[in-house]
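The structure is given below, and queries will be raised subsequently.
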Amino acid sequence: MKISDLRSVIEKYSEAQLRLIIAELYKTIPKAVKEESDIDGILKNPNSLTQPRLKTRRREVPDIELLNYEAERFVDYAYRQYYLVPNRFVSKQNRPKWRFVVKRLYKDLLATSADENSMSEAARLLDKLYQLLCYSCSHVLFSAYDSFESIGIGQEEFFRRVLALKYHCEDKNTFIKNALLSMVNNPLNRYTLREDLIEVIF
């Protein structure tokens, strides 16, 4: 239903009916959406809808040094199979959460790469994560069958993001050489073909 249609529908309702509709709709809105869109603020001050929003939420850029520590530790633990077998470094309840760690690191590294001073390190760490996930396609590091599928990011897309960062950090010849080596040497998941990665490069 379009907004114009919505207005036409609700203009015939009584004040009591509108109260009931608003209350029922409010119940269906997830808490995260209420907070993100400031639904409570709108209900308390409807006039805010007609006023320009001066303040917008800005995601704080992660610290590259902290990301370096977290990413390096995660990669080390993963290669040691700490997210798969019993150990004293990763608790049993946290082992299945590895996918959320990867997704957060992926997003944070892309965010911090906007800073020129952090771009090179962000590219290196993102590439390291990519190689780890590729390695897990032919070696059992996690309980999941397909690591890329588990994090919800395709291998082709992950590879594209890595190359997009490295393109700005390496000279042309080094970039092409490393991209080709990565495409040839890293294992593939079950949905990716070499041809898919070649297209990303060229």
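Considering only residues of the range 3-33 that are assigned to a loop (DSSP other than H, G, I, E, B) and more than 36 Å from the chain's Cα centre (by Cα), which is farthest from Leu43 (Cα to Cα)?
Quick first cut of the range 3-33, residues assigned to a loop (DSSP other than H, G, I, E, B) only: 11-14, 29-30.
Now restrict to residues that are more than 36 Å from the chain's Cα centre (by Cα): 11-14.
Values: Glu11: 19, Lys12: 21, Tyr13: 19, Ser14: 18 Å.
The extreme case among them is Lys12.
Could you identify the single residue in Val184, Val200, Val162 that is free of Cβ contacts under 8 Å to residues at least 12 places away in the same chain, in a helix (DSSP H, G or I) and β-branched (Val, Ile, Thr)? Please lay out each step first, then the result.
Details: Val200 fails: free of Cβ contacts under 8 Å to residues at least 12 places away in the same chain; Val162 fails: free of Cβ contacts under 8 Å to residues at least 12 places away in the same chain.
Checking each option against the conditions leaves just Val184.
Here are Ala123, Ala114, Ala144: which of them is surrounded by 13 or more Cβ atoms within 10 Å (Cβ to Cβ) and outside any helix (DSSP H, G or I)?
Values: Ala123 fails: outside any helix (DSSP H, G or I); Ala114 fails: surrounded by 13 or more Cβ atoms within 10 Å (Cβ to Cβ).
Result of the check over Ala123, Ala114, Ala144: Ala144.
Which of the residues that make up the range 63-87 are closer than 14 Å to His139 by Cβ and of a type in the set (Val, Ile, Thr)?
Scanning the range 63-87 gives Val75, Val85.
Filter the range 165-192 down to residues that are over 21 Å from the mean Cα position of the chain (by Cα), more than 22 Å from Leu141 (Cα to Cα) and of a type in the set (A, V, I, L, M) and give me whichever is surrounded by the fewest Cβ atoms within 10 Å (Cβ to Cβ).
Looking at residues that are over 21 Å from the mean Cα position of the chain (by Cα), more than 22 Å from Leu141 (Cα to Cα) and of a type in the set (A, V, I, L, M), I get Leu181.
Further question: So, in the range 159-199, exactly how many residues are within 25 Å of Asp115 (Cβ to Cβ) and either charged (D, E, K, R) or not assigned by TED's automatic domain parsing to the domain that holds Phe142 (or both)? Spell out the reasoning first.
Applying the first criterion (within 25 Å of Asp115 (Cβ to Cβ)) to the range 159-199 yields 159-172, 174-175, 178-179, 182.
Now narrow it down to the ones that are either charged (D, E, K, R) or not assigned by TED's automatic domain parsing to the domain that holds Phe142 (or both): 160-161, 166, 170-172.
Total satisfying the criteria: 6.
Which one of Glu157, Glu60, Glu65 is acidic (Asp, Glu) and assigned to a loop (DSSP other than H, G, I, E, B)? Don't jump to the end; show me each part of the working.
Details: Glu157 fails: assigned to a loop (DSSP other than H, G, I, E, B); Glu65 fails: assigned to a loop (DSSP other than H, G, I, E, B).
So the residue among Glu157, Glu60, Glu65 that is acidic (Asp, Glu) and assigned to a loop (DSSP other than H, G, I, E, B) is Glu60.
Now for a separate question. Here is a check on your reading of the model: is Ser147 polar (S, T, N, Q), more than 17 Å from Tyr77 (Cα to Cα) and assigned by TED's automatic domain parsing to the domain that holds Val75? Steps first, please.
Working: polar (S, T, N, Q): yes; more than 17 Å from Tyr77 (Cα to Cα): no; assigned by TED's automatic domain parsing to the domain that holds Val75: yes.
Criteria not met by Ser147.
Something else: Can you spot a residue in the range 84-105 that is of a type in the set (D, E, K, R), out of contact with any Pro (no Cβ under 6 Å at 6 or more places or on another chain) and not in a helix (DSSP H, G or I)? Even if it seems obvious, please write down each step before you answer.
Narrowing the range 84-105 to residues of a type in the set (D, E, K, R): 88, 92, 95, 97, 99, 103-104.
Still in the list and also out of contact with any Pro (no Cβ under 6 Å at 6 or more places or on another chain): 88, 92, 95, 97, 99, 103-104.
Keeping just the survivors that are not in a helix (DSSP H, G or I) gives 88, 92.
Scanning the range 84-105 turns up at least one residue that is of a type in the set (D, E, K, R), out of contact with any Pro (no Cβ under 6 Å at 6 or more places or on another chain) and not in a helix (DSSP H, G or I).
Of everything in the range 81-117, what is among the basic types (Lys, Arg) and more than 23 Å from Ile153 (Cα to Cα)? Give them in sequence order.
Within the range 81-117, the subset among the basic types (Lys, Arg) is 88, 92, 95, 97, 99, 103-104, 107.
Across the range 81-117, the qualifying residues are Arg88, Lys92.
The values are calculated or read from the model by the stated rules, or taken from the named source; none is laboratory data. Bear in mind that the values here come from a model prediction, so they are computed numbers and not experimental data. All Cβ positions, even for glycine, are placed from backbone atoms using ideal geometry, and neighbour counts span all protein chains on display.
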